[in-house]
Amino acid sequence: MAPSLMNPVPCQYAIIRFLPYAETGEFANVGVVLACPATGYFDFRLVPTRKTGRIRGFFEQLDLKIYRDALTYMGEELERLRALAANVAMGNKEAVRQLFIGLVHPRETLLRFGETRVVMAEDPDAMLGQLFARMVERDFANKDYHDKLVERGVRELLRKANLRMYFNEAVIGNEDLHLNVPFAHKRGENVHLAIKPLDLAKDEASRVFDTGGRLVDRIQRLKKHNLLPPDMLVAVQRPDGNDQRILGAIDEIEGDLRKAGVEVERADNIRAITAFAKAAALH
């Protein structure tokens, strides 16, 4: 730990990334390491090993023990380096810089370090917390992340069914009224079949209504202006819990979508989504 400083000092930091499948290049940010050689500061923050939901969402087929073991080993190694830095920093500030450089060098392991970045910090402890919140915690809390997870699930489903090549990202509608969809099948210039993932796995009914209501309104307006494709399916991600208020809100949104003229299926209903998507291969 380091005391708050009056004047900002340059610090180096790197994001710790979990990358189990090098061939895909997909990774999840799981920690941050920060070093300020001028003050001898060296510390880190890691996601707790018990929190595996984000990893399960990113890498569905992964044995979570592999992740936990790798994170545990990394934590032990970083604790060792932190203690070492505290000892050597008293008489050799350059040693902290070398510890950091040796730690973050490129390696072919499950846990890797992103590029080294520089930040000015008055309080290294506070800066480490800010970086962790921005680069790791918020990375998994924002709407785009959850939407991408649902989209990734549908993409993998289509790939396994050998249907991925029939779909591309497209825009439904016109310049004044439109909707982006990640999976659209065109015949000529027109979208004839589309799949739109929708994440309704929320922790409050009000958030279900906010998120789902926006899509209901857009689809209703597209239908009103004759801009909907002939066939469209919304793949809905539901929460794992049984909160009746949340589930009731989801049921209402799904009912409104069906009334608007689109099909609705759970995002994990492989059979139904595959059957819908197969129509693209027939034309």
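The calculated P(r) of the range 1-131, using every Cα pair and 10 Å bins from 0, goes 12, 43, 30, 13, 2 in percent. Evaluated on the chain, the Kirkwood hydrodynamic radius is 21.8 Å, with distances taken between all distinct Cα atoms.
Full extension of the segment from residue 147 to residue 38, taken as 0.36 nm per residue of separation minus the current Cα-Cα distance, would add 35.0 nm. Each part reduced to its alpha carbon centroid, the range 24-65 and the range 195-246 end up 32 Å apart.
Computed on the range 157-276, with alpha-carbon pairs under 8 angstrom and 6+ residues apart, the relative contact order is 25 percent. Kindly work out what percent of the DSSP beta bridges joining two residues of the chain are antiparallel, to the nearest 5. Of all bridge pairs located within the chain, approximately 75 percent are antiparallel. Working from Cα pairs under 8 Å separated by at least six residues, relative contact order for the chain is 16 percent. Measuring from label point to label point, each 7 Å out along Cα→Cβ, what is the residue 169 to residue 252 span in nm? Those two pseudo-labels are separated by 3.3 nm. Here the gap between residue 186 and residue 107, fully extended at 0.36 nm per residue and compared with their Cα-Cα distance, gives a gain of 24.1 nm.
Each of 219, 275, 72 was scored by the projection of its Cα onto the charge dipole of the chain, and the greatest displacement toward the positive side belongs to 275; charges sit on the C-beta of Lys, Arg, Asp and Glu. Among the trypsin sites (Lys or Arg not before Pro) in the range 42-86, those placed in a DSSP loop whose Cβ has at most 12 other Cβ atoms within 10 Å are 50, 51. Measuring r between the beta carbons of residue 203 and residue 98 and using R0 = 41 Å, the FRET efficiency lands at 0.35. Taking each DSSP H run with n ≥ 4 as -39500 (n - 2.57) and averaging over every residue of the chain yields -13000 deg cm²/dmol at 222 nm. The portion of the accessible surface of the range 210-275 made up by carbon and sulfur, rounded to a whole percent, is 41 (1.4 Å probe; DNA, RNA and ligands excluded). With 29 Å as the limit on Cα-Cα distance, the pairs of 51/259; 65/196; 148/259; 186/223; 51/278 that go past it are 51/259; 65/196; 51/278. Equivalent-ellipsoid semi-axes for the range 189-283 (Cα gyration tensor, √(5λ), whole Å, largest first): 24, 17, 9.
Which FRET efficiency value, to the nearest 0.05, do you get for residue 159 and residue 220 by plugging their Cβ-Cβ distance into 1/(1 + (r/R0)^6) with R0 = 22 Å?
It comes out at approximately 0.10.
Loop-located GluC sites (Glu not before Pro) in the range 102-200 (DSSP state not H, G, I, E or B) with no more than 15 neighbouring Cβ atoms inside 10 Å: 108, 115, 122, 175, 189. Put a dot 7 Å past the Cα of residue 271, heading toward its Cβ, do the same for residue 126, and the two dots end up 5.8 nm apart. Which values of log₁₀ I(q)/I(0), to two decimal places, follow from the Debye formula for the range 62-216 at q = 0.11 Å⁻¹ with a uniform point scatterer at every Cα? Debye curve over Cα of the range 62-216, log10 I(q)/I(0) at q = 0.11 Å⁻¹: -0.75.
The values are calculated or read from the model by the stated rules, or taken from the named source; none is laboratory data. Computed from a prediction, not measured in an experiment: that's the story for all the values here. Ideal geometry is used to build each Cβ from the backbone, glycine not excepted, and the neighbour counts take in all protein chains shown. Heads up: the accessible areas ignore ligands, DNA and RNA and are worked out on the full protein's heavy atoms, side chains in. Shrake-Rupley method; radii C 1.70, N 1.55, O 1.52, S 1.80 Å.
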